[in-house]
Structure formats: C-alpha cells, structure tokens
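Encoded as structure tokens, the structure appears first; notes follow it.
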Amino acid sequence: MSDNATGTKKNDAGSSIVRRIFIAVILGFIVGIGCLALRVQLGESSQTWSILYSLLFVDVTSAEGTTGVGLFYIAGQLFMHALQVAIVPLVLTSLSLAICGLTDPKRLSNIAMKTIITFLCFYAVTAVLAATIAYSVKMAGGFTVTLPNGQATELATLDAYNPLATILGIVPPNMLSAFSSNNQILAVCFVAIVLGICMSRMGGKVQPLKDVLENVNGIIDTCLTFVINHCAPSAIFCMIVRGLALYGIEYVRPTLVWMATTMLGCIGLLFIIYPVGIVLATRLSPLPFIRKTGKIALFGAATQSSAATLPLNMKTCMEELGCPEEVTSFVMPTGMTVHMNGTSAMQIIAVTFIATAAGVDITPGMLVVAALISISCAFGTPPVPAAGTTLVYVVMLGLGLDAPPCLTCYSLVLAMNYLPGMAVMPMNVVGDAATNVIVSFREGVLDKEMYMGRTK
C-alpha cells in the first residue's frame, strides 16, 4: 500500500471515530435528558424509576447496588479501566524512548542542547499562563457545578497537604511499588527519564531492552487504538446518559465554558508566546513569522496531526523562514515527538475544569503538580488517536481525582475535545517552527533576509 493510500486510510479512520463520538454525544444528551425528565416526572421513589435505576445506572460496587445490574455504570467503568491499565506502561515506555532518542550522544550537540532548552522554556511559560487562565476562570465560577443535594456524598475530597511534599514522591523508595499504582505518575515519569538517559549512554548494549520497550509501546498503542475506535462511542454514550440522568444538566454550561476557555486560551497563547519568544531570543520582528506560519497553524488545526503537518512545516521553515536544512532536520522531527505545548495547556485547563465541576477546590499548589505531570505526559505523548486527551486521566490520577463526578466530567472532556483540539494542534506545530527559528539564529545560520521576506 502506498504512503498516500495509508495516509488516506488513517484520515478516514480518524474522521470515522470523530463522527461516531459526535453522534454518541448527541444521542447521549438526548437520551440523558429524556431519562432526567422521566425521573422528575415519575419521582425517584417510584417503582418504575427504581427498576430503571437498578437496571442501568446503579453503582454495582456500592451498598445499594448489591442487587442491581447497572449496565451503563459497568460499561463506563470497563472503558475507564481499559484506559487505566495502560497508563503506567504507556508513560514508562513512551517517555523513556523519547528521552533515549533525544539524548543520543551522537546527536547531542549545541543544536540539540539549544533545542531542548528552548522546548523547556516554552513548556514552562505555557504551563504558567495556562494555569493562570484556568485558575482565573475557576475563581470566576465558570467551571462550578451545583449538584443536587442527594449527590453531595459522591464528591471527591482531598486531604490538606503541603505542595512541597510532592517532591518526595518524585523519587520512589521502591520502583516496583511506583508501578503498582496509577497514583504515583510523577515517580513513573522519574524512572522513565532516568531509564531513557541511561539507555542512551549505554548505546548498543541496551538495544535488546530498547527493542522490548518499543514492542511493548507498540502493543499499548494498538490496544488503545482498538479501545478508543471500537469502545469509546458506546462507553461515552453510557457515561453521558448516566451523568445526566443522575446529576441533571448542570454539567452542560461548565463544559461549554471549558471548551471556550481551551480554544480561546490556546489561540491567545499562540499569538503571545511564540512571537514574544522570537523577539526576546533573536530581536527580529515576529510579523514575518506570524504571516508565514499561518498556513501551518490552519493545516494543523484541520488535520489535528503533528506528523501530517511535518512536511509543510519543514518546507516553510527552510524555504520561507530561512532555517538551514541541518538545523531543521533535527529540530522539527524532535519537536513533533516531544514538543507539545498545546497538549500541556489543554491538560491543565481540563483538569481544572474536572476538579472544580466535581466539587474539588483545586489550589495553586495542585496546579503546579498538574503542570509537572502534564509536561511529562506531553513530552512523551504517543502517536495514538486522542492520546493527549486520554492522558488527561494521568494528570487526574496524579491529583487523586477519581471520584464518580470526576469520571463524568472526564467523559465530557474526552467526548467534546474535537473543537478544542483544533486550537491545541496549532500551538504544537507552530511551536516547533518558532524553536527552529530561534535555534538557527543562535547558531548564526538563520537567513535573515529570507526570514524578513526579502531575497538575496
């Protein structure tokens, strides 16, 4: 099969899952509101509603669910468990392989070091600004949900803690214990980073281990692709119907606020972070960069794929922005793999929405932890459908957000991420181009006349 045919097949598959999830969301809202109206009409104490509740919605792990069926609850939980079971091996393999490839001694040069530093600077600034935006919307009440009194006991709660205690959890006292729980993601990230660096320094000696990790990563990718493509629509339908039937339509407004915040926030950051970064690092006007990368941003938004945008991105950098091939050939593929600012910003905003809507008072200290986890996740995000959105769950687990209302909000994030994703991807691909310009300038090889739009 040709590359074009393969690409077309992948795009068709991506469009198909988007359509099916969209249909599932619409049907979920229709059926969920219908169930809510039925509950209000019949009354929660009526025999008809009790039978329907026991058959479809009851939590079978609770005391009241010992004699129930809870079909929708079981479907949603099985889907979430299928995502959870892949989290630790996914983070371990993808992040360690990314670090191993990035810190290969044969490629580690001035260009590589400047690229890494620029990536990290963009990550840090993006995380701070995204957290500020999310916290501001949260304080303004944009993410707040007023749940019925009967559901107050299901809200997530977090014990008071000193955010500095998180530092102690980064280095695990026992490596196997860190892998045994999804709540120790920072420890897993630490082990993955150390493993990746050690593998890179040992060279060919660890090729068998690298092959094993790559194969495990491929297995996880295949499993997640299957789960998302074949199970996500029906599971999301069940979770939305159950959420609306039990909690009402209180989640609709904050979900729309989350979508708007993510889209406007990412678009705003796109026009602030990279132009300002170019000005500070090169003293060049950012206007040519904004003008010439517009098509990259639009292409990335349309395809929602860093890989699909890479050829256009590299062509624009070399033929219009004045970046030499030797710099571009390193920065752009590396950035496609590990530089995902938009994904990090989306995850920070999403987890703030999820926590607040579930009744958790997320604090600045918790946002710092969320930022660290989101950057680690974005750094090693694998090329699977909806990977960035799927890994929002990793950030949730890092903060202990696993109560039923949290899962309801997460299902909405997973289902409604298509439009926000159109604003997320331009941040990823344009960020790679900005890094390329900065590194080329700092290396003294940027063609300034071409960058400014003038010919020699």
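Quick notes
- Most tightly packed first, judged by the mean number of other beta-carbon atoms within 10 Å of their residues, the peptides 220-231, 41-52, 357-368, 336-347 read 336-347, 357-368, 220-231, 41-52.
- Lys210 contributes about 60 Å² of solvent-accessible surface, heavy atoms of the protein only, 1.4 Å probe.
- Protection-proxy order for peptides 435-445, 122-132, each taking the mean of Cβ atoms within 10 Å per residue, highest first: 435-445, 122-132
- In this structure, the residue pairs whose Cα-Cα separation is over 25 Å, taken from Lys114/Lys292; Lys114/Lys138; Lys315/Lys448; Lys114/Lys315; Lys114/Lys448; Lys210/Lys315, are Lys114/Lys138; Lys210/Lys315.
- The translational diffusion coefficient of segment 295-374, from Stokes-Einstein at 10 °C and 1.306 mPa s with a Kirkwood hydrodynamic radius over alpha carbon pairs, comes to 107 µm²/s.
The values are calculated or read from the model by the stated rules, or taken from the named source; none is laboratory data. Just so it is clear, the model here is predicted, and its values are computed rather than measured. Here Cβ is always computed from backbone atoms with ideal geometry, including for glycine, and neighbour counts include all displayed protein chains. To get the accessible areas, we keep the full protein, side chains included, count just its heavy atoms, and leave off ligands, DNA and RNA. Shrake-Rupley method; radii C 1.70, N 1.55, O 1.52, S 1.80 Å.
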